[in-house]
Amino acid sequence: MLDLPMLAGISGISEIAENGGYVLIASIAALFIGPLIYRFAGRDGRVYSLFDGVVVVAVLGLALLEIIPLGVELAGWPALLAVVAGVLLPNLAERKFGGKSTHRAAAWAALIGMALHAFTDGLALVVGGHVHAGSHAMEWAVVLHRVPEGLAVWWMLTSPDDGDESGQRAGVIALVTIATATVLGFVLGGSTSVLDDSRVAGVFAAFVGGLLLHVVSHGIGSTRSRRAAEHRYWPGVGGLLGLALVFVVVVVPATRDGHGAEIVAAFWELLLESAPALLLAYGVAGLIGSVMGEAPARWLRRGGATTQALRGVVFGLPLPLCSCGVVPVYRSLVDRRVPATAALAFLVATPELGLDAVLLSVPLLGMDMALLRVGVAFVLALVIGVAVGGWVERRELRARETQASEAAAVDQDLAPAVAKPIRERLLDGLRTGYGGILDSTGPWILVGLLVAAFLQPFVDAAFFTKLGPMLQVVAFGLIGLPVYVCATGATPLVAVLIAKGLSPGAALAFLLTGPATNATTFGVLEQLHGRKVALAFAGAMIIAVLGLGWGVNLVWPSAGADAGVAHVHGEHGPLAVASAAVLGVLFVASLVRQGPRGFLGRLWELGGHDHDHDHDDHDHEHHDDHDDHDHHDDHDHHDQPKPPSSCCAH
């Protein structure tokens, strides 16, 4: 654990500033690398694409695995708010001020913001050396993200329309201004004692981490940079180099010690736990259409809303899928035009009613709790399917009516695929599942696992057992929403908590929200149906789970009295390790195919539409006419810097 006062006593701010001067020089030098890359890259953009891939992945890894965990360790929960502020405040500023002036005025307005950001970079160089002398992750991140920042400024201000001389003069002035702001922040940061307070330093570190997440989540460079798509593998190769840098700078030290050690360990545990089911899920998702054809979709479409929800529950019972693993199959069902009533019931019930989890519940939770678990999960799936799914169906009724003629054409188009030899259909299905579907949902899978791994070390479940039974239901229901737990893995954990005094309603609330929801679930729902549907799903889940949990506490307060105690985690066998390795290779292949920008761009797809957020290029051309997006029906997303969101709509 970091001893901040002792560190300050040994080295002092002045010594840190002296040693940090070299990092300051490096950050300024990195800023001027941008124009050199621009000159060297020429028109093809290959060098630019390579460097962009390195910087995006490296800064993202350093921010998530070192800088933000450092801030949380020093400041606690306020640091999480600082992360959110660092991510959202620039977005709010862009929405308020962006696009309201000419290109040149917008460029210089953006320059002011970049200068202010450079001032925080200078402060960050002091914070990085002051709060954690053994790690230079923050300095690395600041230096690395200066390369695309300088490239963006030069590309922004050296427009060919202005002439080479005037554009280069403006670019030099802009870069010198940013460098001056960095030096000013560094000097002021080294001369103030405010950073002696570990909480202030932690909050600021977390805020810097949020700013870095904002930087890498937006595209850089001008419209010319989109020509880099012709060299589609260069960004991916750069991403691999960035991964290697993160592995050397963060992951390897974290295995011995460091602020990201618990997060890395938790992520690896979750990956081992989910990898076999995820591999199966992607295969099933691809094969549903290519091998089974329209038969499952037609069966799920039959009947009214309640019948469709029941069919969705039954369809998922034999599939051993976790909360992340069910997402690719859910997307495949949506692409097959399965009603939302059936699809959402499937999404909720499948990860909760796995046969292994139900059988494990009998010895660990007792027969009463096992039966209650099955019953409330069944009721929850029906409620969500009928209520939320029915609303979604009514909401999309007009769109379905306009697409009625297209549906018949799609059915006809499927006939030749069904007529193909079985071997060819299998290969097509596997390519779809481990290609297009993984490309689309893979980033959200990783986000879900990262969020769960990030929260796990900082959530003290034992603390919540001290609350009253009704408040326990609220606490554990909300805890289960963003985190990832498989139904089987959550069972022994709940058995331990019940033995410590957790109420049966709270235990069931966690067993309902934990396996059925996480960040991946909400992200993909937003991606496929829009933000309103994702929020409605979350709200309905909370209301239904709280009602069920409170009802169990009132009617069966003694349920779970005979719950046993077991180990929360067991040893993972060779199958889990091999599955994790294969899944890692598939994710890396997806990163290479799409490039880091395209891979991360999947997180910004809303309601089936891709919203371009390339604010860093400062062209302020949002391409509302979608001419530049090329949403081709052939889904050749490998040739696009940001792939179309309908990559799975086969």
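Miscellaneous remarks
- Highest average packing first - 365-378, 420-433, 500-513, Cβ atoms within 10 Å: 500-513, 365-378, 420-433
- Nitroxide proxy distance, nm - points 7 Å out along Cα→Cβ at residue 244 and residue 172: 3.6
- Net length available on complete extension from residue 394 to residue 368 is 5.5 nm, with 0.36 nm assigned per residue and the Cα-Cα distance removed.
- Sequence-distant residues sharing a close amide H with residue 481 (under 5 Å, placed H): none
- Fully extended contour minus Cα-Cα distance, from residue 22 to residue 420, at 0.36 nm per residue: 136.9 nm
- Global form of region 269-367, assessed from the alpha-carbon gyration tensor, a/c cut-off 1.5: oblate
Just so you know, all these numbers are worked out from the coordinates, no wet-lab data involved. What you see is a predicted model, and the numbers here were worked out from it, not measured in a lab. Because the Cβ atoms are built from the backbone with ideal geometry, glycine has one as well, and the counts that use them run over all protein chains shown.
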